[in-house]
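Data first, discussion second: the structure below is written as structure tokens.
The values are calculated or read from the model by the stated rules, or taken from the named source; none is laboratory data. Keep in mind that this is a model prediction, so the values were computed, not measured. Every residue, glycine as well, gets a Cβ built from its backbone with ideal geometry; the counts of neighbours run over all protein chains shown. Ligands, DNA and RNA are stripped out before the accessible areas are found, and what is left, the full protein with its side chains, is counted by its heavy atoms. Shrake-Rupley method; radii C 1.70, N 1.55, O 1.52, S 1.80 Å.
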Amino acid sequence: MDITKKVIVLAVGLGLVTLSACGASGDDGGGSGTSSRTVTLVSHNSWAVSKDVVAAFEKQSGYKLKVLEDGDAGQAVNKAILTKDNPQGDVFFGVDNTLLSRALDNGLFQSYEAKGSDQLLPEYRVDEDKHRVTPVDTGDVCVNYDKAWFRKKGLTPPKTLDDLVKPAYKDLLVVENAATSSPGLGFLLGTAARYGDEGWQDYWKKLKANGVKVVDGWEQAYNEEFSGSAGGKQAKADRPLVVSYASSPPAEVIYADPKPDTAPTGVAEGTCFRQVEYAGLLSNARNPEGGKALLDFLIGKTFQDDMPLNMFVYPVREAAQVPEEFVKFGPQAKEPQTMDPAKIAENRDQWVKSWTSLVLK
């Protein structure tokens, strides 16, 4: 999902001190297995957690936490698969529903039902017969809009995917490349879920005819092309619609100085695709008991309460606290598009190839 990386860049665009991409401590200089009291977490480079939460885990479990960040989500998953016989760590965090089947089919994880799994929201539970992965967080990929731009033009912002192909919104939307960007892929999957295996291509033909602009990644789309972001304002961007996250408006408020009473951006809720991130105990982990303790902690209340304002995602534990800014400025979509991970695995590569030929050529 790599949402934290996006938020870090957003903070830079606002001229603020950035979040640490790795909040873990306790690296004793060795890999997993150098000490039976060290547990190693392998993650994409968007892992972030408060220092006092790491300290709480280490005190509670007796294990020292070491974190290895290994590129974006796709790179991290692929490397973990290649090294599964001699893994870098004990637990992998950051495989989402767009890549989950690839990890499971390649035997990346061993079975473990984390303590407290019964406290997780049922809609995020998967693989319940084998318990190879545990849901940790969720977030929505959605079109964001520039409130001031639409107010000035006297135009109602779009609400649905259908709205985006209407003439009123011609040349207003910027999206990320589905072949190179996590939110870009999420948006493509959302259109496939909404319009079906065949209908999504007709939809993209209409979107292309309506002037959609495609850029390589989120940083360029949000901070250079989108007029509603702090970075976009500095760059004098001219696109008031962008594919981003439901948590982007809260970030615009939280990082602003002074903080505004309302978010400068909004979310078109009818455009959202739900992403879920999972963690699992790696096959051949050198410290499986430490890994189990870490998985238990990741879905415990302490970590789940801390996570939203560090990684800008929603918790999956039923009783976890959701920050007021999320509730007020970035609520989860009530009816997001979703897709079974197995269907994603079956079609993802071909869909991306077809999308590339259709939209970029």
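When restricted to residues that are more than 23 Å from Ala246 (Cα to Cα) and surrounded by 17 or more Cβ atoms within 10 Å (Cβ to Cβ), region 128-155 contains 3. Among the residues of region 67-87, which ones are modelled with pLDDT of 95 or more and either open to solvent by 30 Å² or more (accessible area, probe 1.4 Å) or within 19 Å of Gln304 (Cα to Cα) (or both)? Val67, Leu68, Leu82, Thr83, Lys84, Asp85, Asn86 - these are the residues of region 67-87 that are modelled with pLDDT of 95 or more and either open to solvent by 30 Å² or more (accessible area, probe 1.4 Å) or within 19 Å of Gln304 (Cα to Cα) (or both).
Just the residues that are open to solvent by 40 Å² or more (accessible area, probe 1.4 Å) and assigned to a helix (DSSP H, G or I), please, taken from region 339-355. Walk me through it before giving the result.
Filtering region 339-355 down to residues open to solvent by 40 Å² or more (accessible area, probe 1.4 Å) leaves 340, 342-343, 346, 349-350, 353.
Those that are open to solvent by 40 Å² or more (accessible area, probe 1.4 Å) and assigned to a helix (DSSP H, G or I): Ala342, Lys343, Glu346, Asp349, Gln350, Lys353.
Residue count for region 217-246 satisfying the condition of being in contact (Cβ under 8 Å) with a residue 60 or more places away in the chain and assigned to a loop (DSSP other than H, G, I, E, B): 5. The set of residues in region 108-138 being in contact with a helix residue (DSSP H, G or I) (Cβ under 8 Å, 6 or more places away or on another chain), closer than 24 Å to Gln332 by Cα and either in contact (Cβ under 8 Å) with a residue 24 or more places away in the chain or not charged (D, E, K, R) (or both) consists of Gly116, Val126, Val133, Thr134, Pro135, Val136, Asp137, Thr138.
The combined condition, being modelled with pLDDT of 95 or more, assigned to a loop (DSSP other than H, G, I, E, B), open to solvent by 30 Å² or more (accessible area, probe 1.4 Å) and not charged (D, E, K, R), is not fulfilled by Asn45. The residues of region 49-66 that are of a type in the set (S, T, N, Q) and either part of a strand (DSSP E or B) or buried (at least 16 other Cβ atoms within 10 Å of the Cβ) (or both), listed by number, are Ser50, Ser61. When the residues of region 170-184 are filtered to those that are open to solvent by 20 Å² or more (accessible area, probe 1.4 Å) and of a type outside the set (Gly, Ala, Ser), the one that is modelled with the lowest pLDDT is Thr180.
Considering Leu294, Leu358, Leu309, the condition of being within 21 Å of Lys66 (Cα to Cα) and of a type outside the set (Asp, Glu) is satisfied by Leu294 alone.
Reported count of residues in region 283-312, each being under 12 Å from Val49 (Cβ atoms) and open to solvent by less than 10 Å² (accessible area, probe 1.4 Å), is 7.
Considering only residues in region 21-42 that are touching a helix residue (DSSP H, G or I) at 6+ places or on another chain (Cβ under 9 Å) and open to solvent by 50 Å² or more (accessible area, probe 1.4 Å), the one that is modelled with the highest pLDDT turns out to be Arg37. Asp90 - would you say it is over 30 Å from Asp171 (Cα atoms) and open to solvent by less than 10 Å² (accessible area, probe 1.4 Å)? So Asp90 passes the test. If you scan region 245-263, which residues turn out to be under 20 Å from the mean Cα position of the chain (by Cα) and either open to solvent by 30 Å² or more (accessible area, probe 1.4 Å) or closer than 17 Å to Tyr145 by Cα (or both)? Within region 245-263, Tyr245, Ala246, Ser247, Ser248, Pro249, Pro250, Ala251, Glu252, Val253, Ile254 qualify.
For the structure I just gave you, tell me whether Glu318 is within 21 Å of Ser247 (Cα to Cα), open to solvent by 30 Å² or more (accessible area, probe 1.4 Å), more than 18 Å from the chain's Cα centre (by Cα) and at pLDDT 95 or above.
Values: within 21 Å of Ser247 (Cα to Cα): yes; open to solvent by 30 Å² or more (accessible area, probe 1.4 Å): yes; more than 18 Å from the chain's Cα centre (by Cα): yes; at pLDDT 95 or above: yes.
Yes.
Of all residues in region 316-348, those that are under 15 Å from Thr138 (Cβ atoms) and among the small types (Gly, Ala, Ser) total 3. Exactly one residue out of Phe326, Phe297 is modelled with pLDDT under 95 and touching a Phe, Trp or Tyr at 6+ places or on another chain (Cβ under 8 Å): that is Phe326. Every condition in (1) more than 23 Å from the chain's Cα centre (by Cα); (2) closer than 24 Å to Lys343 by Cα holds for Leu172 except the one numbered (2). Every condition in (1) within 17 Å of Met311 (Cβ to Cβ); (2) at pLDDT below 95; (3) open to solvent by less than 20 Å² (accessible area, probe 1.4 Å) holds for Ala103 except the one numbered (1). Taking the criterion of being of a type in the set (Val, Ile, Thr), open to solvent by 10 Å² or more (accessible area, probe 1.4 Å) and farther than 25 Å from Thr180 by Cα, would at least one residue in region 117-126 satisfy it? Yes, region 117-126 has at least one match.
Go over the candidates Gly199, Gly266, Gly280, Gly211 one by one and state the one that is part of a strand (DSSP E or B) and surrounded by fewer than 22 Cβ atoms within 10 Å (Cβ to Cβ). Checking each option against the conditions leaves just Gly266.
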